[in-house]
Amino acid sequence: MRKPIMAGNWKMYKTPTEAEDFVKALAPQVKDVQDKVILLCAPATALQKLSEAAVGTNIFIGGENLFWEDEGAFTGEISAPMLKAVGCSYVIIGHSERRQYFGETDETVNKKLKAAIKHNLNAIVCVGETLVQREANETFKVIEKQIKDGLSGLATRDWGLVTIAYEPVWAIGTGKTASPEQAQDVHAHIRKLLPKEIGNDVRILYGGSVKPENVKELMAKPDIDGGLVGGAALKVESFVKLIKY
Ligand code: 13P
């Protein structure tokens, strides 16, 4: 059984104090939730406070990015051991905003993924097509390349740390959600691309304008194992609704 994950990706929002207040308000409302993994991925500056506030709760903490070296002269970067040291058990890798604005490629995604795995950090690897690619009927081709190159060279045991997030770029922050059928089609296709022996165990999250109004029908699809949520995860009230859909 794949336990669903409801993950917030806060992107570049929230100070440490705001993050702490969020967890303090969230934790009592979700303390009885056992059927889902609850995850908050936050800016690096908020992670320490966030994980301190999450101690003793069922809320997991994650980074939004990492660099593949453990340490060194890499100004501005943060490594897997550093994320672990501030209490992270997850990290997002290859979000489309990182690909679009910060030059990430499937090759850098793969290096980052291997660094996360080396340090026993759960990785959420993001894939997804742009509107132009969807309209040119290239969705499957684009996803196949992202999966093949971004997730290459893993040993069977490594897959236990891998979650994939399908986030169609045209649905991120636009209010346009992929229909449950569109998302399911891509999720099922992604699952077929995974090695047979682990394909049924890997969680595939959907991301892109997930909100309380559409979460239920998306999560009802057999290959959708949770959500990676931006805007609707910034407010406690709507994040609670997403967790308890
Ligand atoms: P929105 O939920 O704001 O569309 O963002 C989705 C996303 O990019 C999550 O990683």
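Structure above, values below:
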{"read-out": "Considering residues of region 231-245 that are in a helix (DSSP H, G or I) and within 15 Å of the ligand (Cβ to nearest atom) only, the residue most open to solvent (accessible area, probe 1.4 Å)", "value": "Lys241"}
{"read-out": "Count - residues of region 19-38 that are crowded, with 16+ Cβ neighbours inside 10 Å and either touching a helix residue (DSSP H, G or I) at 6+ places or on another chain (Cβ under 8 Å) or of a type in the set (Lys, Arg) (or both)", "value": "9"}
{"read-out": "Selection within region 139-160 - open to solvent by 30 Å² or more (accessible area, probe 1.4 Å) and either more than 15 Å from Asp106 (Cβ to Cβ) or assigned to a helix (DSSP H, G or I) (or both)", "value": "Phe140, Lys141, Glu144, Lys145, Lys148, Asp149, Ala155, Thr156, Arg157, Gly160"}
{"read-out": "Region 198-211, residues that are more than 12 Å from the ligand (Cβ to nearest atom) and touching a Leu at 6+ places or on another chain (Cβ under 6 Å)", "value": "Val202"}
{"read-out": "Neighbours by Cβ (under 8 Å, 6+ apart or cross-chain): first from region 5-30, within 16 Å of the ligand (Cβ to nearest atom); second of a type in the set (S, T, N, Q)", "value": "Ile5/Thr163"}
{"read-out": "Unique residue being surrounded by 15 or more Cβ atoms within 10 Å (Cβ to Cβ), closer than 24 Å to His119 by Cβ and either in contact with a helix residue (DSSP H, G or I) (Cβ under 8 Å, 6 or more places away or on another chain) or modelled with pLDDT under 95 (or both) when the list is Leu194, Leu228", "value": "Leu194"}
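For every residue, the table says whether it meets (1) over 19 Å from Trp10 (Cβ atoms); (2) more than 16 Å from the ligand (Cβ to nearest atom); (3) open to solvent by 50 Å² or more (accessible area, probe 1.4 Å); (4) at pLDDT below 95.
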| residue | (1), (2), (3), (4) |
| --- | --- |
| Leu47 | no, yes, no, no |
| Leu50 | no, yes, no, no |
| Ala54 | no, yes, no, no |
| Thr75 | yes, yes, yes, no |
| Met82 | no, yes, yes, no |
| Tyr90 | no, no, no, no |
| Ile117 | yes, yes, no, no |
| Val125 | no, no, no, no |
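The values are calculated or read from the model by the stated rules, or taken from the named source; none is laboratory data. From a predicted model like this one, the values you see are computed outputs, not experimental measurements. A quick note on method: Cβ atoms are made from the backbone with ideal geometry, for glycine too, and the neighbour counts reach across all protein chains shown. The protein model used for the area step is the full one, side chains on, heavy atoms only, and it has no ligands, DNA or RNA in it. Shrake-Rupley method; radii C 1.70, N 1.55, O 1.52, S 1.80 Å.
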